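The values are calculated or read from the model by the stated rules, or taken from the named source; none is laboratory data. If you're wondering where the values come from, they're calculated on a predicted model, not measured in any experiment. Using ideal geometry, Cβ is built from the backbone for each residue, glycine included, and neighbour counts are taken over all protein chains shown. All accessible areas refer to the heavy atoms of the entire protein, side chains included, with ligands and DNA or RNA removed. Shrake-Rupley method; radii C 1.70, N 1.55, O 1.52, S 1.80 Å.
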Amino acid sequence: MIDMVSGSEAAAYWLGSSIYERSRWFVDQMRERLPNLTRVVELGAGGLASHLGGVCIEDDHELARTAACRTVLARGEKLPLASHAVPLLVTSSTRVLGRPGAMAEVARVLTDDGVLLCFLPQPTPGSTDTIRAILGPMRRNLRRSPPGAVREDLVAEASAAGLLCRVEALDPHPYQQTPRQEAQDLRQAASSVLWSVSEESWRRHVAPAIRALERLPAPDMPRTRYAYWDLLTFAPSLTEQT
(Lines give C-alpha, C1' and ligand atoms only; values in the text may rest on other atoms or scores of the structure.)
Protein backbone atom coordinates (compact mmCIF):
# COMPACT_ATOMS: atom_id res chain seq x y z
CA MET A 1 0.00 0.00 0.00
CA ILE A 2 1.05 3.59 -0.57
CA ASP A 3 0.25 6.19 2.05
CA MET A 4 -0.49 9.51 0.39
CA VAL A 5 1.28 12.56 1.78
CA SER A 6 -1.26 15.41 1.73
CA GLY A 7 1.54 17.97 1.80
CA SER A 8 3.12 16.75 -1.43
CA GLU A 9 3.02 19.00 -4.47
CA ALA A 10 0.79 16.62 -6.43
CA ALA A 11 -1.69 16.05 -3.62
CA ALA A 12 -1.77 19.76 -2.78
CA TYR A 13 -2.66 20.56 -6.37
CA TRP A 14 -5.36 17.88 -6.43
CA LEU A 15 -6.95 19.22 -3.25
CA GLY A 16 -7.27 22.67 -4.85
CA SER A 17 -8.36 21.60 -8.32
CA SER A 18 -11.82 21.87 -9.83
CA ILE A 19 -11.76 18.09 -10.34
CA TYR A 20 -11.45 17.55 -6.59
CA GLU A 21 -14.23 20.05 -5.88
CA ARG A 22 -16.47 18.20 -8.32
CA SER A 23 -15.83 14.99 -6.42
CA ARG A 24 -17.44 16.63 -3.38
CA TRP A 25 -20.62 16.91 -5.41
CA PHE A 26 -20.36 13.25 -6.40
CA VAL A 27 -20.14 12.31 -2.73
CA ASP A 28 -23.24 14.39 -1.97
CA GLN A 29 -25.10 12.45 -4.67
CA MET A 30 -23.95 9.18 -3.15
CA ARG A 31 -25.00 10.18 0.35
CA GLU A 32 -28.49 11.12 -0.86
CA ARG A 33 -28.90 7.58 -2.15
CA LEU A 34 -26.93 5.75 0.55
CA PRO A 35 -27.54 7.63 3.85
CA ASN A 36 -25.28 5.27 5.83
CA LEU A 37 -22.36 5.75 3.48
CA THR A 38 -19.00 5.72 5.28
CA ARG A 39 -15.92 4.06 3.78
CA VAL A 40 -15.66 3.09 0.12
CA VAL A 41 -13.30 1.43 -2.32
CA GLU A 42 -12.71 3.69 -5.32
CA LEU A 43 -11.53 2.52 -8.75
CA GLY A 44 -9.26 5.19 -10.23
CA ALA A 45 -7.97 8.36 -8.59
CA GLY A 46 -11.10 10.48 -8.90
CA GLY A 47 -11.06 11.97 -5.39
CA LEU A 48 -14.13 10.13 -4.04
CA ALA A 49 -12.32 7.98 -1.47
CA SER A 50 -10.42 10.97 -0.11
CA HIS A 51 -13.71 12.52 1.07
CA LEU A 52 -14.81 9.33 2.83
CA GLY A 53 -11.64 7.91 4.33
CA GLY A 54 -11.71 5.04 1.85
CA VAL A 55 -9.16 3.24 -0.29
CA CYS A 56 -8.35 4.03 -3.93
CA ILE A 57 -7.18 1.39 -6.43
CA GLU A 58 -5.13 2.98 -9.22
CA ASP A 59 -2.82 1.49 -11.85
CA ASP A 60 -0.76 4.61 -12.58
CA HIS A 61 1.85 5.64 -10.01
CA GLU A 62 1.75 9.35 -10.80
CA LEU A 63 -2.05 9.46 -10.59
CA ALA A 64 -1.91 7.48 -7.35
CA ARG A 65 0.18 10.29 -5.86
CA THR A 66 -2.67 12.73 -6.51
CA ALA A 67 -5.37 10.67 -4.81
CA ALA A 68 -4.82 12.26 -1.36
CA CYS A 69 -5.83 9.01 0.37
CA ARG A 70 -4.53 5.48 0.94
CA THR A 71 -3.93 4.05 -2.52
CA VAL A 72 -3.18 0.55 -3.77
CA LEU A 73 -1.39 0.18 -7.10
CA ALA A 74 -3.22 -2.52 -9.07
CA ARG A 75 -4.83 -3.04 -12.45
CA GLY A 76 -8.59 -3.12 -12.90
CA GLU A 77 -8.58 -6.64 -14.35
CA LYS A 78 -7.03 -8.03 -11.15
CA LEU A 79 -8.40 -6.26 -8.09
CA PRO A 80 -6.52 -6.97 -4.82
CA LEU A 81 -9.79 -7.70 -2.99
CA ALA A 82 -11.36 -10.86 -1.59
CA SER A 83 -14.26 -12.44 -3.44
CA HIS A 84 -17.76 -11.33 -2.41
CA ALA A 85 -16.32 -9.04 0.27
CA VAL A 86 -16.97 -5.46 -0.91
CA PRO A 87 -20.41 -3.87 -0.44
CA LEU A 88 -19.63 -0.64 -2.31
CA LEU A 89 -17.31 0.26 -5.17
CA VAL A 90 -17.33 3.77 -6.66
CA THR A 91 -15.68 5.41 -9.65
CA SER A 92 -15.69 8.52 -11.78
CA SER A 93 -12.90 7.16 -13.99
CA THR A 94 -13.70 4.63 -16.69
CA ARG A 95 -10.01 4.16 -17.48
CA VAL A 96 -9.52 1.55 -14.73
CA LEU A 97 -13.07 0.18 -15.03
CA GLY A 98 -12.76 -0.09 -18.81
CA ARG A 99 -9.87 -2.57 -18.72
CA PRO A 100 -10.72 -5.91 -20.35
CA GLY A 101 -12.00 -8.20 -17.60
CA ALA A 102 -12.50 -5.40 -15.07
CA MET A 103 -16.27 -5.85 -14.90
CA ALA A 104 -15.80 -9.55 -14.21
CA GLU A 105 -13.54 -8.57 -11.31
CA VAL A 106 -16.20 -6.15 -10.05
CA ALA A 107 -18.74 -8.99 -10.12
CA ARG A 108 -16.30 -11.21 -8.24
CA VAL A 109 -15.55 -8.84 -5.38
CA LEU A 110 -19.05 -7.38 -4.78
CA THR A 111 -21.19 -8.90 -2.04
CA ASP A 112 -24.52 -10.38 -3.13
CA ASP A 113 -26.23 -7.10 -2.22
CA GLY A 114 -23.29 -4.87 -3.17
CA VAL A 115 -23.21 -2.12 -5.82
CA LEU A 116 -20.80 -0.28 -8.06
CA LEU A 117 -21.66 3.42 -8.51
CA CYS A 118 -20.16 4.91 -11.66
CA PHE A 119 -20.37 8.62 -12.62
CA LEU A 120 -20.21 9.22 -16.39
CA PRO A 121 -20.08 12.68 -18.02
CA GLN A 122 -22.70 13.54 -20.62
CA PRO A 123 -22.69 16.13 -23.43
CA THR A 124 -23.79 19.59 -22.32
CA PRO A 125 -26.86 20.85 -24.18
CA GLY A 126 -26.69 24.19 -26.03
CA SER A 127 -24.44 26.39 -23.96
CA THR A 128 -22.85 29.83 -24.16
CA ASP A 129 -20.05 28.70 -21.85
CA THR A 130 -16.92 30.35 -23.30
CA ILE A 131 -14.63 27.85 -21.56
CA ARG A 132 -16.55 24.90 -23.00
CA ALA A 133 -16.43 26.51 -26.46
CA ILE A 134 -12.64 26.16 -26.29
CA LEU A 135 -12.55 22.72 -24.68
CA GLY A 136 -15.16 21.14 -26.98
CA PRO A 137 -13.02 21.03 -30.15
CA MET A 138 -9.99 19.89 -28.14
CA ARG A 139 -11.92 16.98 -26.61
CA ARG A 140 -13.42 15.95 -29.93
CA ASN A 141 -9.95 15.83 -31.46
CA LEU A 142 -8.61 13.73 -28.58
CA ARG A 143 -11.63 11.46 -28.08
CA ARG A 144 -10.86 7.80 -28.52
CA SER A 145 -14.49 6.67 -28.80
CA PRO A 146 -17.74 8.35 -29.88
CA PRO A 147 -20.22 9.73 -27.29
CA GLY A 148 -22.26 6.95 -25.72
CA ALA A 149 -19.80 4.21 -26.67
CA VAL A 150 -18.23 4.09 -23.20
CA ARG A 151 -21.57 3.55 -21.45
CA GLU A 152 -22.70 0.94 -23.98
CA ASP A 153 -19.42 -0.94 -23.61
CA LEU A 154 -19.60 -0.89 -19.80
CA VAL A 155 -23.22 -2.07 -19.75
CA ALA A 156 -22.43 -4.87 -22.21
CA GLU A 157 -19.40 -6.06 -20.21
CA ALA A 158 -21.37 -5.84 -16.97
CA SER A 159 -24.19 -7.92 -18.44
CA ALA A 160 -21.69 -10.56 -19.58
CA ALA A 161 -20.35 -10.65 -16.01
CA GLY A 162 -23.83 -11.12 -14.55
CA LEU A 163 -24.37 -7.54 -13.37
CA LEU A 164 -27.50 -5.50 -13.97
CA CYS A 165 -27.36 -1.75 -14.63
CA ARG A 166 -29.58 1.18 -13.77
CA VAL A 167 -28.97 4.58 -15.40
CA GLU A 168 -30.02 7.81 -13.69
CA ALA A 169 -29.58 11.25 -15.26
CA LEU A 170 -28.44 13.60 -12.48
CA ASP A 171 -29.56 17.21 -12.19
CA PRO A 172 -27.05 19.67 -13.73
CA HIS A 173 -24.17 20.49 -11.41
CA PRO A 174 -23.41 24.24 -11.20
CA TYR A 175 -19.90 25.27 -10.22
CA GLN A 176 -17.56 28.25 -10.37
CA GLN A 177 -14.39 28.20 -12.44
CA THR A 178 -12.01 30.71 -14.00
CA PRO A 179 -10.40 30.24 -17.43
CA ARG A 180 -7.00 30.28 -15.74
CA GLN A 181 -8.04 27.45 -13.39
CA GLU A 182 -9.16 25.38 -16.38
CA ALA A 183 -5.86 26.11 -18.13
CA GLN A 184 -4.01 24.91 -15.04
CA ASP A 185 -6.12 21.74 -14.93
CA LEU A 186 -5.11 21.08 -18.53
CA ARG A 187 -1.43 21.57 -17.73
CA GLN A 188 -1.78 19.07 -14.88
CA ALA A 189 -3.66 16.60 -17.15
CA ALA A 190 -6.40 16.47 -14.53
CA SER A 191 -8.94 15.02 -16.99
CA SER A 192 -8.73 11.42 -18.21
CA VAL A 193 -9.02 12.59 -21.84
CA LEU A 194 -5.47 13.98 -21.43
CA TRP A 195 -3.89 10.82 -20.06
CA SER A 196 -1.50 9.11 -22.46
CA VAL A 197 -1.82 11.91 -25.02
CA SER A 198 1.15 11.96 -27.39
CA GLU A 199 3.50 14.94 -27.55
CA GLU A 200 2.25 15.69 -31.06
CA SER A 201 -1.42 15.66 -29.99
CA TRP A 202 -0.57 17.85 -27.01
CA ARG A 203 1.18 20.35 -29.26
CA ARG A 204 -1.63 20.40 -31.85
CA HIS A 205 -4.71 20.34 -29.60
CA VAL A 206 -4.00 20.91 -25.90
CA ALA A 207 -1.42 23.70 -25.97
CA PRO A 208 -3.60 25.93 -28.23
CA ALA A 209 -6.56 25.39 -25.87
CA ILE A 210 -4.45 26.48 -22.89
CA ARG A 211 -3.38 29.63 -24.71
CA ALA A 212 -6.97 30.40 -25.79
CA LEU A 213 -8.25 30.05 -22.22
CA GLU A 214 -5.63 32.44 -20.86
CA ARG A 215 -6.46 34.98 -23.58
CA LEU A 216 -10.16 35.15 -22.67
CA PRO A 217 -11.26 38.50 -21.16
CA ALA A 218 -10.79 38.60 -17.37
CA PRO A 219 -9.22 35.12 -17.15
CA ASP A 220 -9.24 35.26 -13.34
CA MET A 221 -12.95 36.06 -13.07
CA PRO A 222 -15.06 33.02 -12.03
CA ARG A 223 -17.70 31.84 -14.49
CA THR A 224 -20.75 29.81 -13.50
CA ARG A 225 -20.56 26.55 -15.40
CA TYR A 226 -22.79 23.46 -15.54
CA ALA A 227 -21.78 19.82 -15.77
CA TYR A 228 -24.08 16.98 -16.76
CA TRP A 229 -23.55 13.46 -15.43
CA ASP A 230 -25.27 10.08 -15.44
CA LEU A 231 -25.07 7.81 -12.42
CA LEU A 232 -24.79 4.14 -13.39
CA THR A 233 -25.52 1.56 -10.70
CA PHE A 234 -24.19 -1.95 -11.34
CA ALA A 235 -25.22 -4.81 -9.09
CA PRO A 236 -25.89 -8.57 -9.08
CA SER A 237 -29.48 -7.62 -8.30
CA LEU A 238 -31.08 -4.19 -8.44
CA THR A 239 -34.15 -4.96 -6.34
CA GLU A 240 -34.25 -2.71 -3.28
CA GLN A 241 -30.95 -1.10 -4.33
CA THR A 242 -30.10 2.60 -3.81
Practice task
Working from Cα positions, state the angle (0 to 90°, nearest 10) between the long axis of helix 149-160 and the longest principal axis of the chain.
Solution key: 10 degrees
Problem - Distance between modelled label sites at R203 and D28, nm, 7 Å Cα→Cβ extension - result: 4.3 nm
Practice task
For the chain, with all protein chains present and a 1.4 Å probe, just round the carbon and sulfur fraction of the accessible area to a whole percent.
Solution key: 50 percent
Handout entry: the range 83-204 pair-distance distribution - Cα-Cα, 5 Å bins, rounded %
Key = 2, 8, 17, 20, 17, 14, 11, 8, 4, 0
Practice task
For the chain, report the accessible area per residue in Å² (1.4 Å probe, heavy atoms, rounded to an integer).
Solution key: 50 Å²
Practice task
For L238 paired with R211, estimate the spin-label separation in nm (one decimal), with each label point 7 Å from Cα along the Cα-to-Cβ line.
Solution key: 4.7 nm
Completion exercise
Once R151, R95 are ranked on solvent-accessible area with the largest value leading and a 1.4 Å probe, the list reads R151, R95
Exercise for the section: Work out, step by step, the length gained on full extension between R108 and S196: first 0.36 nm times the residue separation, then minus their alpha carbon distance; give nm to one decimal. Expected result: 28.8 nm
Practice task
Order the following by accessible area, largest value first: R211, R39, R166. Probe radius 1.4 Å; ligands, DNA and RNA are ignored.
Solution key: R39, R211, R166
Problem - Per-q log10 I(q)/I(0), the range 180-225, q = 0.27, 0.34 Å⁻¹ (Debye; single scatterer per alpha-carbon; no solvent) - result: -1.01, -1.27
Completion exercise
GNM on the chain, Cα springs under 10 Å; top mean-square fluctuation among A104, A212, A158 goes to A212
Completion exercise
Probe 1.4 Å, all chains present, heavy atoms only: S159 accessible area in Å², nearest 10, is 80 Å²
Exercise for the section: Would you mind counting up the charge near E182? Only other residues with Cβ under 13 Å from its Cβ, with Lys and Arg at +1 and Asp and Glu at -1. Expected result: +4
Fill in the blank from the handout: the chain: antiparallel bridges as % of DSSP beta bridges, rounded to 5, reads 55 percent
Handout entry: Gyration tensor (alpha-carbon) shape descriptor, the chain, a/c threshold 1.5
Key = prolate
Practice task
Please name whichever of L63, V41, A209 sits farthest to the positive end of the charge dipole of the chain, dipole taken about the Cα centre and charges placed at Cβ: Lys and Arg +1, Asp and Glu -1.
Solution key: A209
